[in-house]
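Accompanying notes for the structure given below.
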Amino acid sequence: MENDLKVWRAKRDVTQGELADEVDVSRQTINAIERGRYDPSLELAFELAAFFDCRIEDIFDYDPDAD
């Protein structure tokens with residue numbers, strides 16, 4: 001799954017650690033999501049979208065044919 005989490009963080013001038021604290025995960029989790037090594041749970045995806053006041057689809061792009 002592709003994502004623009006790093007772009008959204010930069011728009012809000014938020015560090016990985018600050019975002020992690022806001023959504024109650026580790027900084028390593030945010031880093032892994034940004035690097036495409038970890039796909040967040042649906043709950044976490046909703047929390048991230050709520051934090052940035054956007055839709056999940058604005059941050060994450062799912063392509064079932066990718067891989």
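Close amide-amide hydrogen proximity is noted between N3 and D61, each under 5 Å apart and 5 or more residues distant or on a separate chain (H modeled in the peptide plane; Pro and chain starts excluded).
Subtracting the Cα-Cα distance of E43 and D65 from 0.36 nm times their residue separation leaves 5.6 nm of extension gain. Each stretch of four or more DSSP H residues adds -39500 (n - 2.57); spread over every residue of the chain, this sum gives -15500 deg cm²/dmol at 222 nm.
What do you get for Rg/Rh of the chain when both radii come from the Cα atoms and Rh is the Kirkwood radius?
Working: Rg = 11.1 Å, Rh = 11.9 Å.
Rg/Rh: 0.93.
Starting from the Cα-Cα distance between R12 and E57, subtract it from 0.36 nm times their residue separation and give me the gain in nm to one decimal. Walk me through the intermediate numbers first.
Numbers: separation 45, 0.36 × 45 = 16.20 nm, distance 1.78 nm.
Gain on extension, R12 to E57, equals 14.4 nm.
In loop segments of the chain as defined by DSSP, the trypsin sites (Lys or Arg not before Pro) with at most 11 further C-beta atoms inside 10 Å of their C-beta are R35, R37, R55.
Between A50 and E22, the distance separating the two model label sites (each 7 Å from Cα on the Cα→Cβ line) works out to 1.3 nm. For the chain, the Cβ-based charge dipole about the Cα centre amounts to some 340 debye (Lys, Arg positive; Asp, Glu negative; other atoms uncharged).
Any read-out appearing in this document is the output of simple, stated calculations on the displayed coordinates, not a laboratory observation. Just so you know, these numbers come straight off a predicted model, no measurement behind them. Note that each Cβ is placed from the backbone with ideal geometry, even for glycine, and that neighbours are counted across all protein chains shown.
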